[in-house]
1. Take peptides 139-152, 62-75 and line them up by average Cβ neighbours within 10 Å, highest first, as a rough protection proxy.
2. Multiply the residue separation of residue 58 and residue 154 by 0.36 nm, subtract the distance between their alpha-carbon atoms, and state the gained length in nm to one decimal.
3. Using only the alpha carbon atoms of segment 54-202, find the Kirkwood hydrodynamic radius as the inverse mean reciprocal pair distance, in angstroms to one decimal.
4. Compute the signed sum of charges (Lys and Arg +1, Asp and Glu -1) over the other residues within less than 10 Å, Cβ to Cβ, of residue 100.
Amino acid sequence: MNKNFMRHWVVPGCVTLIMMTLGACATGTDEPLQGVQPQYARLIENDGRVEFVENRISDRREQVLLRAATSFGLEPQCSYIKSGLLGSRRAITVEDCVYELFSEELAYAGTPIEKVTYRFVDDRLFQMQFAFRNETGAGARVQRIGESVSGDLQLSRAVGRPDSQRWQSKSDVIEVLQDPAVGTTALQISDALLLERVIAQY
């Protein structure tokens, strides 16, 4: 083969390879990747239960945490207390497992979720809470989330007021919680039978 041809072919090829390598290395920084889209989750009614990010109320703890590890790629911070149920002498264990989502990889109704809390009663999922990132225009955000809940589950609000942010499915209660003083908003899904009985609450 002609040596001049080889020289002219190899040099540009090496330059191209070097540029590709440098470009690949540049994406290894702590900066978020451009073009990466968050996962837009939806509420689903599954066998009488409301499902969100693959988990449903009453699922076993080990199943919930395994799915969460796959979804979030994080280890939770878990804590528990001994508590009880109203109208019962039986002691229960209430455990919270919290995931802090530092990236915008999960969103609902167009709003990023920054913290996920799974609450267990005796190793069964009793409550899920998804705290949204603080943004301006809290009223519009709450309305948007409420419209998504109604649209996803085809449910009417649990009370007659059109501004109610509470829904009742067959087995669960879904609420949009808001604290105007600090501007926080969260989506909460709870076991309807236990909601008023578990002494330890958020």
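1. 139-152, 62-75
2. 32.4 nm
3. 16.2
4. Details: positive: 115; negative: 114.
Neighbourhood net charge equals 0.
A short reminder: the numbers here are calculations on the coordinates, not readings from a lab. None of the values given here were measured: they were computed from a predicted structure. We place every Cβ from the backbone using ideal geometry, glycine too, and count neighbours over all the protein chains shown.
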